[in-house]
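Engineer: Before anything else, here's the structure in question.
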Amino acid sequence: MRSTLTDIAREAGVSAATVDRVLNNRPGVRARTRDIVLEMAQRLGYIAESPNGAPPRPSSGEVMRLDFALPAGTNSFIKMLHRHIEAQALARPDLDVHIATIEGFNPDRLARLLQDLRGQTQGVGVIALDHPTVREAIRSLSANDVKVVTIASDILHVPRVAYIGIDNRAAGRLAGYLLKRFMGPERPGKVALFAGSLSYRGHEEREMGFRHILTEESPNLEIVEMREMLDDREKAYSEASALLERHPDLAAIYNVGAGNTGIARALKERGRAQSMVFLGHEVTDGTKDLLLDGTLDAVIDQNPRVEAREALNTLTHAVRGLPYELHQPRLQVIFKENIPEI
């Protein structure tokens, strides 16, 4: 079956209207966006391959090795990112891509994996814990001419090529703004925060943005607890169950990380699924179901297809010493009425 404009738009992370403008050579599209759309149209077989839109190939025919270090566990977004990296890498004969998963939130284990990649790889993409041993491992990779990108959660003051992901502080502020609108300007209420791990700078930044906007604009809303779940559904369920026992008048929950299905299970068991304002992150099969049944009110999403593509392209260009204009994923809010295909 031939690919459609919608297929190209989904893979490129743009609108169908943008794809139409590019394919019909109409103005109003940035050069970098035009290149991405043409590349996706070629990969999907919509148009014949052309050297202008294709990613650069090694002139010598050498296959480049890239490695990715991702967390293990039940985080559906990470699993989707994993699948998209694998799928896109299969379409790149110039790349030899390896993906390792790290069990638990253990920075020393992640640091050892990164150290072991010295001399084995040319580029590394990592969802990294912000910890001294991890920062030192990234510095060591860079000193050995290995190019590094951070994905979804950044680490500052390390020699990485780029951070690929949304502005997590802005995402937290967006969640706070949505909560204010759902709750109304005067309604008082208790709010609980859940996070996977604040060892991820991305989760910490979302929390900070959320707290700041509530302090600035919603003094009627009180954050009563902050719980870490280590991105585990069962732990999310048990923490949410205990929280609801301690605060039967809880009005809202903002989940910074994974574990939405565990929190939803606790809400449903106590008959709170429809009365609680519940905000989360990432469109997955689980969060789609929760949006449809009204348990989740809104999801703040980032596009794992775009992040996989940009990680591969950024590393490829960096290894070859070529310039590259990074095309970051869009920060968008998903409600029941605008659920996208995933």
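Engineer: Would you pull out the residues with amide H under 5 Å of I99's amide H, same chain only if 5 or more places away, H placed 1.01 Å from N?
Structural biologist: Amide H to amide H, under 5 Å and 5 or more residues apart or across chains, I99 pairs with F68.
Engineer: Considering only protein heavy atoms and a probe of 1.4 Å, how much of the accessible area of the chain is carbon and sulfur, as a whole percent?
Structural biologist: Taking all protein chains in place, the chain shows 49 percent carbon and sulfur surface.
Engineer: A follow-up question, please. Go through K235/K288; K190/K288; K235/K336; K190/K235 and tell me which ones have a Cα-Cα distance over 24 Å in this structure.
Structural biologist: K190/K288; K235/K336
Engineer: Working with all protein chains in place, sort R30, R187 by solvent-accessible area computed with a 1.4 Å probe, largest first.
Structural biologist: So the residues, ranked largest to smallest area, are R30, R187.
Engineer: Also: So how do V224, V149 rank on accessible area, 1.4 Å probe, biggest first, that is with the largest at the start?
Structural biologist: The most accessible residue leads, giving V224, V149.
Engineer: Of all DSSP beta bridges in segment 194-342, what percent run antiparallel (nearest 5)?
Structural biologist: In segment 194-342, approximately 25 percent of DSSP beta bridges are antiparallel ones.
Engineer: Eigenvalues of the Cα gyration tensor times 5, then square-rooted: what semi-axes does that give for segment 150-229, in whole angstrom, largest first? Before the final figure, lay out the partial values.
Structural biologist: Values: eigenvalues 150, 34, 15 Å².
Here the semi-axes work out to 27, 13, 9 Å.
Engineer: With a cap of 12 neighbouring Cβ atoms within 10 Å, and only residues DSSP puts in a loop, list the chymotrypsin sites (Phe, Trp or Tyr not before Pro) found in segment 251-342.
Structural biologist: F335
Engineer: Related question: For segment 166-299, what does the alpha-carbon gyration tensor say about shape, rounded, prolate or oblate, given a ≥ b ≥ c as the root eigenvalues, a/c under 1.5 as rounded, and a/b over b/c as prolate?
Structural biologist: Taking the square roots of the gyration eigenvalues as a ≥ b ≥ c, segment 166-299 is rounded.
Engineer: I would also like to ask the following. Looking only at the chain, where both bridge partners belong to it, what percent of the DSSP beta bridges are antiparallel (to the nearest 5)?
Structural biologist: Working: 3 of 40 bridges.
Beta bridges within the chain, antiparallel portion: roughly 10 percent.
Engineer: Here's a follow-up. Counting only the heavy atoms of the protein chains, how much of S142 is accessible to a 1.4 Å probe, in Å² to the nearest 10?
Structural biologist: Surface accessible to solvent at S142 totals approximately 40 Å².
Engineer: If you place +1 on the Cβ of every Lys and Arg, -1 on the Cβ of every Asp and Glu, and leave all else neutral, what size is the dipole of the chain about its Cα centre, to the nearest 20 Debye? Present the calculation step by step, with values, prior to reporting the outcome.
Structural biologist: Values: 43 positive and 46 negative charges, 112 e Å.
My answer is approximately 540 debye.
Engineer: Now a separate question. Are there any helices in the chain, counted as whole DSSP H runs, that stretch 27 Å or more along their axis by Cα and score at least 1.0 on average by Kyte-Doolittle, and if so which? List each step's numbers first, then the result.
Structural biologist: Details: long enough: none.
Going by DSSP H runs, there are no hits.
Engineer: Which value in deg cm²/dmol, rounded to the nearest 500, describes the helix-derived mean residue ellipticity at 222 nm for the chain, given -39,500 (n - 2.57) per DSSP H run of n ≥ 4 and division by the residue count?
Structural biologist: -13500 deg cm²/dmol
Engineer: Hey, another quick one. Need the C-alpha centroid separation for segment 76-150 versus segment 312-339, integer Å.
Structural biologist: So the separation of the two Cα centres works out to 17 Å.
Engineer: For the chain, what is the accessible area per residue in Å² when the probe is 1.4 Å?
Structural biologist: Here the residues of the chain average 44 Å² of exposed surface.
Engineer: Counting only GluC sites (Glu not before Pro) that sit in a DSSP loop (anything but H, G, I, E, B) with at most 14 other Cβ atoms within 10 Å, what is the longest stretch of the chain containing none of them?
Structural biologist: After excluding every exposed loop site, the longest remaining stretch is 187-324.
Engineer: Using protein chains only and a probe of 1.4 angstrom, how many square angstrom of K268 are accessible, to the nearest 10?
Structural biologist: 100 Å²
The values are calculated or read from the model by the stated rules, or taken from the named source; none is laboratory data. Because the structure is predicted, anything quoted here is derived from the model rather than measured. No Cβ is skipped: glycine too gets one built from the backbone with ideal geometry, and neighbour counts run over all protein chains shown. Surface areas here come from the heavy atoms of the whole protein model, side chains and all, with no ligands, DNA or RNA. Shrake-Rupley method; radii C 1.70, N 1.55, O 1.52, S 1.80 Å.
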